[in-house]
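A short write-up of the structure that comes next.
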2 protein chains.
Amino acid sequence: MRDVCVIGLGLIGGSLLRAAASAGRTAWGATTSEVDADAASRTGFDVVTDVDTALRRAADADALVVLAVPLTAVNEVLTRVAEHAPHCLLTDVASVKGTMLAAVRRLVPWSRYVGGHPMSGTAESGWTAGSPELFRGVAWVACVEEDTDLTVWADVAQLALDVGAHVVPLSAMAHDETVARISHLPHLLAAVLAAVGAQGGPLAMSLAAGSYTDGTRVAGTRPELVRAMTEGNRAALLPVLDDALGRLGATRGSLASTGGLAATINAGHEGAQALASSREAHRAEVQVSLTAPDARSGLTALGERGGRITALAGDTATGEVN
Amino acid sequence: MRDVCVIGLGLIGGSLLRAAASAGRTAWGATTSEVDADAASRTGFDVVTDVDTALRRAADADALVVLAVPLTAVNEVLTRVAEHAPHCLLTDVASVKGTMLAAVRRLVPWSRYVGGHPMSGTAESGWTAGSPELFRGVAWVACVEEDTDLTVWADVAQLALDVGAHVVPLSAMAHDETVARISHLPHLLAAVLAAVGAQGGPLAMSLAAGSYTDGTRVAGTRPELVRAMTEGNRAALLPVLDDALGRLGATRGSLASTGGLAATINAGHEGAQALASSREAHRAEVQVSLTAPDARSGLTALGERGGRITALAGDTATGEVN
């Protein structure tokens, strides 16, 4: 089992360090926060505040380096990687994959990089919010591009599997389009709702119940994290935002003219049913050989159909799909 | 303690029948669903399928009649009330109060009516989804108009208190404006999000995590219930929808031009903090005499400040406010 070096020990990085250690990996981490490093060390984790030292150790051990720093800090840390571990096995957990890929290609061109993104998180953040169980059963995107080395991809996928996640193979572009829809748009709608709600003053806050608290929950996320992911995914987010604006505008027009909202509400109900049935559907097993000539397109086709890889053995990835 | 007659035994009515009985009230109910009536009777509740019989018993006992039927069935049931219990003490649990008040004034002009609305609910519905604990700690609006008889209001408020709720005194208009903001808009945004998300197909459903499942949860509510409350609150909902559209349009414009989303995201974060601090704030005790000349405006002023009545004793309502 390959060693793991986690740079950045917030909610995701801190949870990953715990989970990798729990899975029996030799794992160490670095954070520039003295407080977090102290807290991690006191609970038995191998953590330093010197990122360079952690990276040099990774280069020596040919460890898998996981960047788990905020998007705003990525370029700075990639510069360190280029200096101290330029050929390393590299992945990340950032919520935007196209700009990450471009940054890695520019700043650490000799690294063996496969982008990653675990679809988990809470409105909480920081080392203390972490848990080794954070990734249990969640989808973890592991990117496959036309030039991806699938042995590197398998290393990244195996780490995700070891911490309890399911692996979704996707291109960076397919990832970014999809998260615009199911993560970045929800954050913006939650922000709009929380702003409109707060305009209602103490009375509105007093009457706010389930529909409002659910709809605004992620508006409590740290603004700089939400800005980084939404602003960083501009090209994919714009058409999704236009779709939402068009639907909300049609809703407004319909309410003002005929007074009827059936189209909006029925479409929403069908959408809710689509989510529920995707969670319940019978899943069939599929296998993809990682050494086949069309392995990359086989993997991304599986991901695009909503499939997930649940095991790797030798050169074969086993997945399930509806 | 006044007897209680609940007409309609879905989630809210069924929970209220259970809670009123638990609080020691003599309580009976009526539902046109044979299945629900059977289920309720088998668990020891006094339930009939003949609404007229239940209403005549209420007239004889001078019971408080609670209409808990869907908005679409209100006019039909009010006609029955006018026939069998025309002078009864009457309240309801509907999510729109202006149209209810107008319907009651038109169809049952001699009833002693005070509108009500418990701010609770789930995406579930029906008798079997109910619980006697559904109202514990929730805000229950009890309407106060210029001509409201406060002895009737106190009867309605006491029932809400007996089942564990806090009472918010408000005019029908203030209620409708506020629920447009914190309940009806959230339902429409959830519907829009669920529709945009589902356009992403199985891949989008596979990657959907917390922000999406939270943001779309109420889109699973039965469409006819959501239509009735949103379409029934058209006048109050339109300006709120315009506010949301304006903010979402500005978000789109900002992302397309400067690429920055700070204004949207910061306003949302402030809104989330306003909700959190309203839940945590120190609350001061206030008392309102129900026999004072300005009692009605004293009550609605308390409600509009985000205050809640937590006890009634004699002619005095005790409340708390931030």
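The values are calculated or read from the model by the stated rules, or taken from the named source; none is laboratory data. Predicted, not measured: the structure shown is a model, and the values here were computed from it. Using ideal geometry, Cβ is built from the backbone for each residue, glycine included, and neighbour counts are taken over all protein chains shown. All accessible areas refer to the heavy atoms of the entire protein, side chains included, with ligands and DNA or RNA removed. Shrake-Rupley method; radii C 1.70, N 1.55, O 1.52, S 1.80 Å.
Restricting to segment B:202-220, give me the number of residues that are open to solvent by less than 20 Å² (accessible area, probe 1.4 Å) and either touching a residue at least 40 places away in the same chain (Cβ under 8 Å) or more than 7 Å from every other protein chain (Cβ to nearest Cβ) (or both).
1
So in segment A:60-77, with the set limited to residues that are assigned to a loop (DSSP other than H, G, I, E, B) and touching a strand residue (DSSP E or B) at 6+ places or on another chain (Cβ under 8 Å), which one is most open to solvent (accessible area, probe 1.4 Å)?
A:62
Can you work out which of the residues in segment A:237-256 that are touching an Asp or Glu at 6+ places or on another chain (Cβ under 9 Å) and hydrophobic (A, V, I, L, M, F, W, C) is farthest from residue A:189 (Cα to Cα)?
Once the filter is applied, the top-ranked residue is A:255.
Kindly provide the set of residues from segment B:278-296 that are out of contact with any strand residue (DSSP E or B) (no Cβ under 7 Å at 6 or more places or on another chain) and surrounded by 13 or more Cβ atoms within 10 Å (Cβ to Cβ), ordered by number.
Of everything in segment B:278-296, those that are out of contact with any strand residue (DSSP E or B) (no Cβ under 7 Å at 6 or more places or on another chain) and surrounded by 13 or more Cβ atoms within 10 Å (Cβ to Cβ) turn out to be B:278, B:281, B:292, B:296.
Is it the case, given these coordinates, that residue B:217 is assigned to a helix (DSSP H, G or I), closer than 25 Å to residue A:282 by Cβ, in contact with a helix residue (DSSP H, G or I) (Cβ under 6 Å, 6 or more places away or on another chain) and of a type in the set (D, E, K, R)?
So residue B:217 fits the description; yes.
From the list B:275, B:245, B:299, pick out the single residue that is hydrophobic (A, V, I, L, M, F, W, C), closer than 24 Å to residue A:242 by Cα and either crowded, with 22+ Cβ neighbours inside 10 Å or free of Cβ contacts under 8 Å to residues at least 24 places away in the same chain (or both).
Result: B:245 is the single residue among B:275, B:245, B:299 that is hydrophobic (A, V, I, L, M, F, W, C), closer than 24 Å to residue A:242 by Cα and either crowded, with 22+ Cβ neighbours inside 10 Å or free of Cβ contacts under 8 Å to residues at least 24 places away in the same chain (or both).
Have a look at A:121, A:130, A:126, A:137 and point out the one that is modelled with pLDDT under 95, touching a Gly at 6+ places or on another chain (Cβ under 8 Å), loosely packed, with under 15 Cβ neighbours inside 10 Å and not assigned by TED's automatic domain parsing to the domain that holds residue A:217.
Answer to the check: A:137.
Of the residues that make up segment A:45-56, is at least one without any contact (Cβ under 8 Å) to a residue 40 or more places away in the chain, assigned to a strand (DSSP E or B) and either in the same structural domain as residue A:134 (by TED's automatic domain parsing) or closer than 22 Å to residue A:101 by Cα (or both)?
Looking for residues that are without any contact (Cβ under 8 Å) to a residue 40 or more places away in the chain, assigned to a strand (DSSP E or B) and either in the same structural domain as residue A:134 (by TED's automatic domain parsing) or closer than 22 Å to residue A:101 by Cα (or both), one finds at least one in segment A:45-56, hence yes.
Testing residue A:259 on (1) in contact with a Ser or Thr (Cβ under 9 Å, 6 or more places away or on another chain); (2) surrounded by fewer than 24 Cβ atoms within 10 Å (Cβ to Cβ); (3) facing chain B (nearest Cβ under 7 Å), one condition comes back false. Which one is that?
(1)
Just give me the residues in segment B:256-313 being hydrophobic (A, V, I, L, M, F, W, C), assigned to a helix (DSSP H, G or I) and touching a Pro at 6+ places or on another chain (Cβ under 7 Å), in sequence order.
B:265, B:299, B:302 - these are the residues of segment B:256-313 that are hydrophobic (A, V, I, L, M, F, W, C), assigned to a helix (DSSP H, G or I) and touching a Pro at 6+ places or on another chain (Cβ under 7 Å).
Among the residues of segment B:30-38, is there at least one that is within 22 Å of the chain's Cα centre (by Cα), surrounded by 24 or more Cβ atoms within 10 Å (Cβ to Cβ) and under 28 Å from residue B:229 (Cβ atoms)?
Yes, the conditions are met somewhere in segment B:30-38.
Take segment A:221-230 and flag every residue that is touching a residue at least 60 places away in the same chain (Cβ under 8 Å) and surrounded by 19 or more Cβ atoms within 10 Å (Cβ to Cβ).
If the condition is that a residue be touching a residue at least 60 places away in the same chain (Cβ under 8 Å) and surrounded by 19 or more Cβ atoms within 10 Å (Cβ to Cβ), then A:221, A:225, A:228, A:229 are the ones that fit.
Go through the residues of segment B:172-185 one by one and say whether even a single one is of a type in the set (Gly, Ala, Ser) and more than 11 Å from chain A (Cβ to nearest Cβ).
There is at least one residue in segment B:172-185 that is of a type in the set (Gly, Ala, Ser) and more than 11 Å from chain A (Cβ to nearest Cβ).
Tell me, yes or no, whether segment B:175-190 has at least one residue that is touching a strand residue (DSSP E or B) at 6+ places or on another chain (Cβ under 7 Å) and either surrounded by 24 or more Cβ atoms within 10 Å (Cβ to Cβ) or not polar (S, T, N, Q) (or both).
Checked against the condition, which is being touching a strand residue (DSSP E or B) at 6+ places or on another chain (Cβ under 7 Å) and either surrounded by 24 or more Cβ atoms within 10 Å (Cβ to Cβ) or not polar (S, T, N, Q) (or both), segment B:175-190 yields at least one hit.
Being open to solvent by 30 Å² or more (accessible area, probe 1.4 Å) and within 25 Å of residue A:313 (Cα to Cα) is the filter here; which residues of segment A:1-17 pass it?
Across segment A:1-17, the qualifying residues are A:1, A:2, A:3.
Would you confirm whether any residue within segment A:262-275 is facing another protein chain (nearest Cβ under 7 Å), on the phi < 0 side of the Ramachandran plot and under 21 Å from the mean Cα position of the chain (by Cα)?
yes
Go through (1) within 8 Å of chain B (Cβ to nearest Cβ); (2) within 27 Å of the chain's Cα centre (by Cα) for residue A:249 and report which single condition fails.
Just one mismatch for residue A:249, condition (2).
What number of residues within segment A:129-144 are under 11 Å from the mean Cα position of the chain (by Cα) and of a type in the set (A, V, I, L, M)?
4
Looking at (1) open to solvent by less than 40 Å² (accessible area, probe 1.4 Å); (2) more than 8 Å from chain B (Cβ to nearest Cβ); (3) closer than 16 Å to residue B:193 by Cβ, can you tell me which one residue A:233 breaks?
(3)
Given the criterion within 14 Å of chain B (Cβ to nearest Cβ) and not charged (D, E, K, R), identify the matching residue among A:134, A:101, A:107.
Only one candidate qualifies: A:134.
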